[in-house]
1. Roughly how many Å is it from the Cα centre of the range 1-18 to that of the range 153-172, as a whole number?
2. What is the sum of charges around Leu97, taking Lys and Arg as +1, Asp and Glu as -1, for the other residues whose C-beta is under 15 Å from the C-beta of Leu97?
3. HN-Hα J couplings of the range 3-16 from phi, Karplus 6.51/-1.76/1.60, θ = phi - 60°, integer Hz, Gly and Pro as x?
4. Amide H neighbours of Ala9 under 5 Å, at least 5 residues apart or on other chains, H built in the peptide plane: list them.
5. Obtain the nm distance between the two label points defined at Thr236 and Glu173 by a simple spin-label model: each point lies 7 Å from its Cα along the Cα-to-C-beta direction.
6. Per residue of the range 203-208, what does 6.51 cos²θ - 1.76 cosθ + 1.60 with θ = phi - 60° give for ³J(HN,Hα)? Whole Hz please, x for Gly and Pro, Karplus curve as stated.
7. Once label points are set 7 Å from the Cα along Cα→Cβ at both Ile244 and Glu113, what is their separation, rounded to one decimal in nm?
8. Of the candidates Ala130, Ala157, Ala209, which one comes out as most mobile in a Gaussian network treatment of the chain with C-alpha springs shorter than 10 Å?
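Coordinate-derived values only; no laboratory data. Everything numeric in this text was worked out from a predicted model, so none of it was measured. As a convention, Cβ positions derive from the backbone with ideal geometry for all residues, glycine included, and neighbour counts pool all protein chains shown.
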Amino acid sequence: MKLCAVQLASRKGDLASNLLRHMRCIEQAASLGIELVVFPELSLTGYEPTLARQVALPLTCASLEPLQALCDKLAISAAVGLPLPSAEGIRIGMPILRPGMPALAYVKQRLHEDERPFFAPGDHPLVFDAGPLTIAPAICYESMFIDHAAHAHRLGAELYLVSAAKTAKGIREGHEHYPQVARAFSMPVLMANCVGPCDSFVGAGGSAAWDRHGNLLAALTDKAEGMILLDVASNTARAVPLGI
């Protein structure tokens, strides 16, 4: 199976512009034979907790219909980032759009202290099948706790798919932690981080792929947008520029 992590600079609160850029990324990924693409945390709105309540949209909103139609047309799955409303409050969501199938929604279960004033945590783990693989999504902070990956592994996960909005410090820590996850549970890790301004920090890039032995296969720099293409069957990955 071939997967792709998109390293993207989202535009603050600009759903229409970000949606168009997501579609172009998905088209580029599909042209390269990718079957599943993952974007950074809250990628459709930018990681902006103070704006989350006003830009939150449900999984069934019309705004996601063009993305779903594109996934159907190109036979590709896309894990995007969007604040999702719920009875408990706004949640950090990852809509997962699959060709010819109903959309799924994963919600971040463990929040950073800074996120708690703005978001409510989720309470349901998720694994889903894509091609021959069972995949476990994880969103940024929670992915830094080994018990999150351990639970995913017990549910049958064969690949750990991380959507992040990390600072320079966070990405350094991630590059130390994710190889440990890969080795502990013998599953590849693919991580998409943002670049550019978001909230009160600057996204530090460093999107990367590790094989099931914890070997770093490919990584992007801390500034440029781009893609990490992971081929699980051949145990290879490469970085490519974003052509949008």
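1. 17 Å
2. The answer is -3.
3. 3J(HN,Hα) across the range 3-16, in whole Hz: 10, 9, 9, 9, 9, 10, 9, 6, 9, 3, x, 9, 4, 4.
4. Excluding prolines and chain starts, which carry no amide H, the hits are Val195.
5. With each label point 7 Å from Cα toward Cβ, the separation is 3.5 nm.
6. Taking θ as phi minus 60°, the curve returns x, 9, x, x, 3, 7 Hz for the range 203-208.
7. Using points 7 Å along Cα→Cβ, the separation is 3.5 nm.
8. Ala130
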